[in-house]
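Chemist: Below you'll find the structure I mean.
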Amino acid sequence: MLEKLTKWRKSFPIQETKKIDEVNIPKHIAIIMDGNGRWAKQKGLPRIAGHREGMKVINKVVRRANELGVEILTLYAFSTENWKRPKTEVDYLMKLPERFLSVELPKLMEENVKVRLMGSIENLPEHTRNAVNKAVKETANNSGLILNFALNYGSRFEIVEAMKRISEQIEQGTLTANEVDENLLTAHLMTSELRDPDLLIRTSGEIRLSNFMLWQIAYSEFWFTDVLWPDFSELHLDEAITVYQKRARRYGGV
Ligand code: FPP
């Protein structure tokens, strides 16, 4: 038994668990869920098997985040650049929200989770749009964790769109260039009513941002792990939070 437990423990490179300070929980955690394809390749499976397994991790992470009192969990599920992937993979990824929500929506309701979206939702296939919009509508009155799916999301596009809308107001004479400030731009982003992420997690060993929330993560703490997303668990989330809690956030001060 002990041998089995040790073996299981070794498969998760956890440094520390159960040392979470409950009064210093990051209120907004954003995750770049990466490594599904490599996970599948390592197992001799098609890439879509990695995405299917990756989808299964989401409910574990949502439950743990909710339990810890995280207020917002943003998940990068599909980027504006992901359309470049083979059509079969894109088609599969577009089916995942429906699959996920058909099983998980009742549980999300039970857990008081509020589903929210950011990205160009109007450009998603109708079946995907319907599934996510239904989840947003049904969970609209929930007051627990906000589960914010970034779907067909790209940060540069988001900033350009915000600037277009601000420019239109200047053209119409309802705004002056002098009135454009950080708060105004923030208010025109897809996250306008959300606080900025306190903690950004990226899995799979890639150390880059891939056009994700570039404006919003200006002062976020970053935590990168080699763990591939399908292997990510509640324990890794706990580890990321304990590391976050050891960081001193100075926001440019001393
Ligand atoms: C990156 O891994 C992952 C994605 C592009 C998709 C992430 C989507 C999920 C985890 C499931 C989404 C589910 C819902 C409910 C929206 P990758 O394919 O780039 O992996 P690789 O870098 O190893 O190839």
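Chemist: Indicate, rounded to the nearest 5 percent, the antiparallel portion of the DSSP beta bridges found entirely in the chain.
Modeler: Values: 0 of 25 bridges.
Bridges in the chain that DSSP calls antiparallel: roughly 0 percent.
Chemist: Moving to a separate point now. Could I have the simple spin-label model distance between Lys27 and Arg99, label points 7 Å from Cα toward Cβ, reported in nm to one decimal?
Modeler: Result: 3.6 nm between the two label points.
Chemist: Still on this structure, please answer the following. Using R₀ = 45 Å, calculate the FRET efficiency as 1/(1 + (r/R₀)^6) where r is the Cβ-Cβ separation of His127 and Tyr251; round to 0.05. Please report the intermediate quantities before stating the final value.
Modeler: Values: r = 43 Å, r/R0 = 0.95.
After rounding, the FRET efficiency stands at 0.55.
Chemist: Let me ask something else about it. Check cross-link reach from Lys95 to the aspartates and glutamates: straight Cα distance under 17 Å, and skip same-chain residues fewer than eight apart.
Modeler: Glu53, Glu104, Glu122, Glu126
Chemist: Determine the alpha carbon to alpha carbon distance for each of Lys27/Lys56; Lys56/Lys114; Lys41/Lys134; Lys19/Lys56 and list only those over 29 Å.
Modeler: Details: Lys27/Lys56 23 Å; Lys56/Lys114 19 Å; Lys41/Lys134 34 Å; Lys19/Lys56 26 Å.
Violating the 29 Å limit, Cα to Cα: Lys41/Lys134.
Chemist: What are the ³J(HN,Hα) values, in whole Hz, obtained from phi via the Karplus relation 6.51 cos²θ - 1.76 cosθ + 1.60 with θ = phi - 60°, for each residue of the range 215-222 in sequence order, with x given for Gly and Pro?
Modeler: 6, 6, 9, 3, 10, 6, 8, 9
Chemist: Still on this model: Of the peptides 224-232, 169-177, 75-83, how do they stack up when ordered by the mean number of other Cβ atoms within 10 Å, highest first?
Modeler: Numbers: 224-232: 21.2, 169-177: 10.4, 75-83: 18.4.
In decreasing order of mean packing, 224-232, 169-177, 75-83 become 224-232, 75-83, 169-177.
Chemist: Another question, if that's okay. Between Trp83 and Leu45, what is 0.36 nm times their sequence separation minus the Cα-Cα distance? Round to one decimal in nm. If you can, show how the numbers build up before the last one.
Modeler: On the way: separation 38, 0.36 × 38 = 13.68 nm, distance 2.15 nm.
This chain segment gains 11.5 nm when fully extended.
Chemist: Can you find, among Ser167, Val132, Asn183, the residue sitting farthest towards the positive end of the charge dipole of the range 53-184, where Lys and Arg contribute +1 and Asp and Glu -1 at Cβ?
Modeler: Of the listed residues, the answer is Val132.
Chemist: Here is a further query. Any idea how far the Cα center of the range 158-223 sits from the one of the range 54-123, in Å?
Modeler: 21
Chemist: Determine, for each peptide in 102-112, 239-249, the mean count of other beta carbons within 10 angstrom over its residues, then list the peptides with the highest first. Intermediate values should be presented prior to the final figure.
Modeler: Numbers: 102-112: 14.7, 239-249: 16.5.
Going from most to least packed, we get 239-249, 102-112.
Chemist: Suppose R0 equals 22 Å. What FRET efficiency, 1/(1 + (r/R0)^6) with r the Cβ-Cβ distance, do Asn211 and Val136 give to the nearest 0.05? Don't skip to the answer; put the middle values down first.
Modeler: Details: r = 23 Å, r/R0 = 1.06.
So the FRET efficiency works out to roughly 0.40.
Chemist: In addition: Amide H neighbours of Met213 under 5 Å, at least 5 residues apart or on other chains, H built in the peptide plane: list them.
Modeler: Ser155
Laboratory data are not the source of any read-out in this text; all were calculated from the coordinates shown. Quick caveat, the model's predicted, so the values are computed rather than measured. Note that each Cβ is placed from the backbone with ideal geometry, even for glycine, and that neighbours are counted across all protein chains shown.
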